[in-house]
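What follows is a single structure, written as structure tokens, with notes after it.
The values are calculated or read from the model by the stated rules, or taken from the named source; none is laboratory data. Remember, predicted model here, so these are calculated numbers, not experimental data. In this analysis, Cβ positions are derived from the backbone assuming ideal geometry, glycine residues included, and neighbour counts consider all displayed protein chains. All accessible areas refer to the heavy atoms of the entire protein, side chains included, with ligands and DNA or RNA removed. Shrake-Rupley method; radii C 1.70, N 1.55, O 1.52, S 1.80 Å.
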Number of protein chains: 2
Amino acid sequence: MRVEIWSDVACPWCYIGKARFEQGLAEFAHKDQVEVVFRSFELDPNRPEGETTQVTGMLAKKYGMSEAQARQAEQRVADNAAAEGLGYRTEGRDHGNTFAIHRLLHFAKTKGLQNELVNLTFRANFAEERSVFDRARLLELAVEAGLDAEESKQVLEDPTAFAEEVRADEREATELGANGVPFFVLDRRYGVSGGQPAEVFKQALEEAWATRPQPAKLATVSGLPDPGQAEEVCGPEGCAVPQR
Amino acid sequence: MRVEIWSDVACPWCYIGKARFEQGLAEFAHKDQVEVVFRSFELDPNRPEGETTQVTGMLAKKYGMSEAQARQAEQRVADNAAAEGLGYRTEGRDHGNTFAIHRLLHFAKTKGLQNELVNLTFRANFAEERSVFDRARLLELAVEAGLDAEESKQVLEDPTAFAEEVRADEREATELGANGVPFFVLDRRYGVSGGQPAEVFKQALEEAWATRPQPAKLATVSGLPDPGQAEEVCGPEGCAVPQR
């Protein structure tokens, strides 16, 4: 079974929701047969790359509240994070464009290191004094995740590298009806929106598992003989040997 | 779109079929949106690990032909390989149990190096004077593919490492109706058996693409509100802030 998680490093509910999902997954009987893939969704794609703003100030402005109220709102999110054992700084965090981070996550996926980099960028952004909107720090995180420094640098410096992969994820999110993240899609059949409690994810996994489609007879490509009739095939009894 | 290829390193039509598939894929307009995954299928799972036999002698015995006839049959396969630009030794090749190779391929998949290792093991088995049924040589191939030597050694020495992944692939092959390899499955909807000509693969890709399901509305997990109603979500307009 395949779970796709659309998320953004700038999204606190993605950070908290990932921990809750993993807790639900840990309690799921068939967890060994679940593959998890992260997909890209930018919260703030129109902000110029490299331009950052302080989170509390941005919240105050957006919701018309005082800085103190914004910090209180952040504190409530921090309490939710703490309940999952996650650190969360309520002050001094940056907010910015995450396109380069998503490109780097797609590169990490090709090396089997996507989950490592997701974890490190979440931790850096929410729990540590490290901006993820700074290329040099992002490169440090890439290396920490196990990626090659030179290759990662090339990806970061080439704005077209893995750009199409990010855009394709974002198009799919729209097609699947996501208008916010985290957005969890199970086997392209079930959708769960938001950083729901662990037991919700466990239930979602169980429901998707119970209703998984039984293997159907595969369709044959037009004009081809039935797969069972194919030549140029090897089986337990040996290989078809061409007569010419 | 996702193409899964069930194959075995001991299967000549898998070796030739991979080259033909890749040629068909290269001519497919949406090739950048195709993900290829290799899946395990053992041709000779009952042969004890480490016990090998010469291919031509085995063919002669199996089909009741002379060694000379067996070599001629191998030569016809070699001609098919040559037409794809692939080397193929008609004499002196070993045949044996491929379980350890499949386990190692699953390990390589976790590092994003599965395709590299598939290519190297095919080449070693069919084109070079290198047995893939020898642990030391297999380890050399793993390192050549870019895998860590120590980690690969641990995988090779632990017969349970990635064993369940191999078994799961084989169960799925049976469920999908494969009784020989190579077996190509496109998006779990179309099946193509055998090392078919490149144009057949191109056509299969085009047909699977043209008939790909449009994104449906995802189902909601029982008892959950509609994904659109979820709290604990971040969108372009900001994040839901808990009131408690």
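Within segment A:82-128, track down each residue that is in a helix (DSSP H, G or I), β-branched (Val, Ile, Thr) and out of contact with any Phe, Trp or Tyr (no Cβ under 8 Å at 6 or more places or on another chain). Of everything in segment A:82-128, those that are in a helix (DSSP H, G or I), β-branched (Val, Ile, Thr) and out of contact with any Phe, Trp or Tyr (no Cβ under 8 Å at 6 or more places or on another chain) turn out to be A:ILE101, A:THR110, A:THR121.
Quick check on my filter: what residues within segment A:9-27 are touching a Lys or Arg at 6+ places or on another chain (Cβ under 6 Å) and part of a helix (DSSP H, G or I)? Those that are touching a Lys or Arg at 6+ places or on another chain (Cβ under 6 Å) and part of a helix (DSSP H, G or I): A:GLY24, A:LEU25. Considering segment A:225-239, the residues that are at negative phi and open to solvent by less than 40 Å² (accessible area, probe 1.4 Å) include one that is modelled with the lowest pLDDT, namely A:PRO227. Which members of segment A:134-149 meet the condition of being open to solvent by 10 Å² or more (accessible area, probe 1.4 Å), within 18 Å of A:ASP94 (Cα to Cα) and part of a helix (DSSP H, G or I)? Scanning segment A:134-149 gives A:ARG135, A:ALA136, A:ARG137, A:LEU139, A:GLU140.
Sort out which residues of segment A:10-46 are away from chain B (no Cβ under 11 Å) and either within 19 Å of A:HIS106 (Cβ to Cβ) or among the hydroxyl-bearing types (Ser, Thr, Tyr) (or both), and write them in order of number. Hits for segment A:10-46 are A:LYS18, A:VAL36, A:PHE38, A:ARG39, A:SER40. Of all the residues in segment A:28-46, those that are part of a strand (DSSP E or B) and open to solvent by 10 Å² or more (accessible area, probe 1.4 Å) number 4.
Kindly indicate which of A:GLU42, A:GLU74 is in contact (Cβ under 8 Å) with a residue 40 or more places away in the chain and over 30 Å from B:ASP169 (Cβ atoms). Write out each step before concluding.
On the way: A:GLU74 fails: in contact (Cβ under 8 Å) with a residue 40 or more places away in the chain.
So the residue among A:GLU42, A:GLU74 that is in contact (Cβ under 8 Å) with a residue 40 or more places away in the chain and over 30 Å from B:ASP169 (Cβ atoms) is A:GLU42.
Have a look at A:SER131, A:SER152 and point out the one that is touching a residue at least 60 places away in the same chain (Cβ under 8 Å), more than 10 Å from chain B (Cβ to nearest Cβ) and either over 15 Å from the mean Cα position of the chain (by Cα) or not in a helix (DSSP H, G or I) (or both). Don't jump to the end; show me each part of the working.
On the way: A:SER152 fails: touching a residue at least 60 places away in the same chain (Cβ under 8 Å).
Just a single option satisfies the conditions, and that option is A:SER131.
The set of residues in segment A:76-87 that are surrounded by 17 or more Cβ atoms within 10 Å (Cβ to Cβ) and over 13 Å from A:GLY195 (Cβ atoms) contains only A:ALA78.
Mind checking which residues of segment A:155-178 are within 11 Å of another protein chain (Cβ to nearest Cβ) and either surrounded by fewer than 14 Cβ atoms within 10 Å (Cβ to Cβ) or among the β-branched types (Val, Ile, Thr) (or both)? Reasoning before the result, please.
Here is the first cut: in segment A:155-178, the ones within 11 Å of another protein chain (Cβ to nearest Cβ) are A:164-165, A:168, A:171-178.
Within segment A:155-178, A:GLU164, A:ARG171, A:THR174, A:GLU175 qualify.
Quick one: in segment B:186-217, which of the residues that are assigned to a loop (DSSP other than H, G, I, E, B) and in contact with a strand residue (DSSP E or B) (Cβ under 7 Å, 6 or more places away or on another chain) is farthest from the other protein chains (Cβ to nearest Cβ)?
First, pick out the residues of segment B:186-217 that are assigned to a loop (DSSP other than H, G, I, E, B): B:187-189, B:194-197, B:211-217.
With the extra rule that they be in contact with a strand residue (DSSP E or B) (Cβ under 7 Å, 6 or more places away or on another chain), the set shrinks to B:187, B:189.
Working: B:ASP187: 10, B:ARG189: 6 Å.
Only one residue fits best here, namely B:ASP187.
Summed over segment B:47-70, residues that are free of Cβ contacts under 8 Å to residues at least 40 places away in the same chain and either part of a loop (DSSP other than H, G, I, E, B) or in contact with a Gly (Cβ under 6 Å, 6 or more places away or on another chain) (or both) total 4. So which residues in segment A:179-224 are open to solvent by 40 Å² or more (accessible area, probe 1.4 Å), closer than 26 Å to B:TRP209 by Cβ and under 18 Å from the mean Cα position of the chain (by Cα)? Hits for segment A:179-224 are A:ASP187, A:ARG188, A:ARG189.
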